[in-house]
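Take a look at the structure below.
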Amino acid sequence: MNRWKNFTSGFVRENPVFGLYLGICSVLAVSTTINNALGMGVCVIITLLLSNVIISVMRDIVPNDIRIPVYIVIIASLVTVVEMLVNAFSPALAESLGTFISLIVVNCIILGRAEAFASKNGVVDSILDALGMGLGYTVSLLAMALIRQVIGTGVLEFTNPFDASQIIFSFTIIPSDFTVSLFSSAPGAFLTFGILAGLLAMYNGKKQEKAEAEAKAAKAAAAKAAAEAKLKEAK
Amino acid sequence: MKKSLYLALFLAWICVLSGGLLALANDVTAPVIAKNKAQAEAASFDELFGAGTEYVEVTFDQATYPHVEKIFQAGADNYAYKATIYGFQSDITFIVGVDASGNIMGFATLANADTPGFGLRVSDQEYVDLIMGKDITKNVDTLAGATVSSKAVQSALAEVGQHYANEVK
């Protein structure tokens with residue numbers, strides 16, 4: 001139960017993008033198409049998974065004084081390896097993501113989870129944490145890309161990341177006369193981000209209110225029961 | 001003192017391991033990346049020579065031919081040149097194919113941001129038709145109305161002609 005909660009917390013409660021506001025730079029920049037979003041998401045999941053596992057395995061032997069430099073060396077190496085692999089096997093993705101692949105190094109989610117979670121927890125828990133957070137990031141990125149691509153270009157298109165000429169699906173949703181190209185550029189990214197972050201905050205707030213109300217009701221019921229018991233005793 | 005030495009050694013050891021990992025990844029990916037790059041570069045030449053042509057890069061003296069970027073031998077005796085020159089308000093990058101007898105067999109611009117209606121006409125079929133089949137070692141015609149851009153391309157083509165006359169013929 002606890003592990004499941006730890007895995008799912010990245011989706012809503014502690015969503016790294018819309019909840020914790022981590023890694024927004026890349027989210028704003030690459031969420032123009034679902035191709036980019038998925039590619040970036042997969043790169044981040046792989047990096048996060050490997051870094052969490054390595055750091056969790058090493059957590060007992062890394063001296064506390066130099067843990068951050070050690071994490072940075074590990075994360076930077078992993079990102080470079082991922083970048084090389086993307087360059088080699090998916091040149092189209094490498095071209096459209098550009099420098100944002102190497103910028104995963106400074107994505108706060110990776111170092112944040114290393115420091116906050118993997119350095120204090122076992123390997124299995126760290127794997128779950130990486131998958132949960134990575135998927136949370138990917139889903140957030142996809143949500144942004146879906147909105148921006150559809151409103152900005154009117155076409156929802158997904159091409160094979162290993163062969164750019166192969167289109168997997170392509171739907172025209174909005175006729176080209178009615179698209180808002182603002183959504184393909186930077187201001188559209190900020191707008192979409194703000195709205196989605198606001199919606200998540202509203203959802204979390206409502207949930208918290210509900211939990212508080214429930215706690216209050218339970219407290220009142222307990223007080224009532226206590227009072228009744230007292231009354232009975234007095235009788 | 002002892003502790004800082006230990007810390008330094010620990011960090012150095014981590015760096016050595018990471019370096020090993022990077023070297024390994026580089027060994028695996030470098031040939032694939034180089035192949036991808038060559039393919040992408042040569043893909044623009046396929047337009048001139050047809051798909052499936054084999055390209056061999058030719059080394060040349062960049063100082064003598066400052067505007068020429070790349071030279072490939074395409075197939076048995078055709079040559080492909082890629083050159084960039086400043087036009088009216090932007091760099092114009094083009095590729096030109098030269099056949100065995102030194103005539104222009106194809107021309108295409110890859111990048112040109114000069115004035116629409118004027119300098120941009122260097123990228124049109126009109127210009128390609130104008131210089132097609134002309135001897136590369138002689139000055140090609142310029143486009144009336146797009147003087148600056150086509151003069152620039154002309155001078156870069158003259159450089160290509162020079163290289164062809166001096167090194168190939």
Check your understanding: Pairing the Cα long axis of helix B:147-163 with the longest principal axis of chain B, what angle in degrees results, from 0 to 90 and rounded to the nearest 10?
Key -> 70 degrees
Point to revise | Accessible solvent surface per residue of segment A:89-162, calculated while the other protein chains remain in place, 1.4 angstrom probe, Å² | key: 38 Å²
Practice item. Please turn the phi angles of segment B:85-101 into ³J(HN,Hα) values with the Karplus equation 6.51 cos²θ - 1.76 cosθ + 1.60 (θ = phi - 60°), one per residue in order, whole Hz, x for glycine and proline. Key: 9, 6, x, 8, 9, 7, 6, 10, 10, 9, 10, 9, x, 10, 8, 4, 9
Exercise for review: Return the long-range amide H neighbours of A:V17 (sequence gap of 5 or more, or a different chain), with a cut-off of under 5 Å between placed amide H atoms.
Suggested key: A:L22
Study note, to complete from the structure: Of the accessible area of segment A:92-179, computed with a 1.4 Å probe and all protein chains kept, carbon and sulfur make up a percent value of 68 percent
Revision key, fill the gap. When A and B pair up, the total accessible heavy-atom area removed from solvent (1.4 Å probe), in Å² to nearest 100, is 1500 Å²
Check your understanding: Taking accessible area as the heavy-atom solvent-accessible surface of the protein chains with a 1.4 Å probe, which residues of segment B:36-61 lose no less than 30 Å² upon going from the isolated chain to the full protein assembly?
Key -> B:N36
Point to revise | Where labels lie 7 Å past Cα in the beta-carbon direction, separation of B:D135 and B:A23 in nm | key: 5.7 nm
Check your understanding: From the phi of every residue in segment B:29-43, what ³J(HN,Hα) in whole Hz does the Karplus formula 6.51 cos²θ - 1.76 cosθ + 1.60 yield, where θ is phi - 60° and glycine or proline is x?
Key -> 8, 4, x, 5, 5, 4, 5, 4, 5, 4, 5, 5, 5, 6, 4
**Study point:** Residues along segment B:1-15 losing 30 Å² or more of accessible surface when the other protein chains are present rather than the chain by itself (probe 1.4 Å)
**Key:** B:L7, B:F10, B:L11, B:I14
Check your understanding: When chain A is modelled as a GNM with alpha-carbon springs shorter than 10 Å, which of A:I195, A:I46, A:I109 fluctuates the most?
Key -> A:I195
Review point. Which of the DSSP-defined H helices in chain A satisfy a minimum axial length of 24 Å, computed from C-alpha atoms, and a minimum mean Kyte-Doolittle hydropathy of 1.0?
Key: A:34-57, A:67-89, A:123-153
Point to revise | In range of the label at A:E212: residues from segment A:182-203 whose backbone nitrogen is under 14 Å from the point 7 Å along Cα→Cβ | key: A:202-203
Exercise for review: Estimate the FRET efficiency between A:L182 and B:V58 by the formula 1/(1 + (r/R0)^6), using the beta-carbon distance for r and 60 Å for R0, to the nearest 0.05.
Suggested key: 0.80
Review point. What residues does segment A:65-91 have that are buried by at least 40 Å² of accessible area in the full protein assembly compared to the chain on its own, 1.4 angstrom probe?
Key: A:D65, A:I66, A:V73, A:S77, A:V81, A:M84, A:A88
Check your understanding: Going down the table (A:K210/A:K230; A:K120/A:K207; A:K210/A:K232; B:K138/B:K169; B:K37/B:K70), which pairs top 25 Å between alpha carbons?
Key -> A:K210/A:K230; A:K120/A:K207; A:K210/A:K232
Check your understanding: Just from its helices, what would the mean residue ellipticity at 222 nm be for the protein assembly as shown, if runs of 4 or more DSSP H residues each count -39500 (n - 2.57) and the sum is divided by every residue, rounded to the nearest 500 deg cm²/dmol?
Key -> -19500 deg cm²/dmol
Check your understanding: How much accessible area per residue does chain B have, in Å², with a 1.4 Å probe?
Key -> 54 Å²
**Study point:** Proximal lysines relative to A:K206, as straight alpha-carbon distance under 16 Å, when same-chain residues fewer than 8 apart are discounted
**Key:** A:K216
Study note, to complete from the structure: Here the Cα Rg-to-2.2 N^0.38 Å ratio for chain A is 1.29
Exercise for review: Identify which of B:G20, B:G119, B:G97 has the largest mean-square fluctuation in a Gaussian network model of chain B, with springs joining Cα atoms closer than 10 Å.
Suggested key: B:G20
Check your understanding: Counting alpha carbon pairs within less than 8 Å and at least 6 residues apart, what relative contact order, in whole percent, applies to chain B?
Key -> 14 percent
Review point. What FRET efficiency do you get for A:M202 and B:L5 if R0 is 41 Å and r is their Cβ-Cβ distance, rounded to the nearest 0.05?
Key: 0.15
Study note, to complete from the structure: In a Gaussian network model of chain B with springs linking alpha carbons closer than 10 Å, the residue among B:A100, B:A156, B:A42 that fluctuates most is B:A100
Practice item. Would you mind calculating the relative contact order of chain A from Cα pairs under 8 angstrom and at least 6 residues apart, reporting the percent as a whole number? Key: 29 percent
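The values are calculated or read from the model by the stated rules, or taken from the named source; none is laboratory data. The structure displayed is predicted, hence computed values, not measured ones. Glycine also receives a Cβ, built like all others from the backbone with ideal geometry; neighbour counts cover every protein chain displayed. For accessibility, only protein heavy atoms count, side chains too; no ligands or nucleic acids. Shrake-Rupley method; radii C 1.70, N 1.55, O 1.52, S 1.80 Å.
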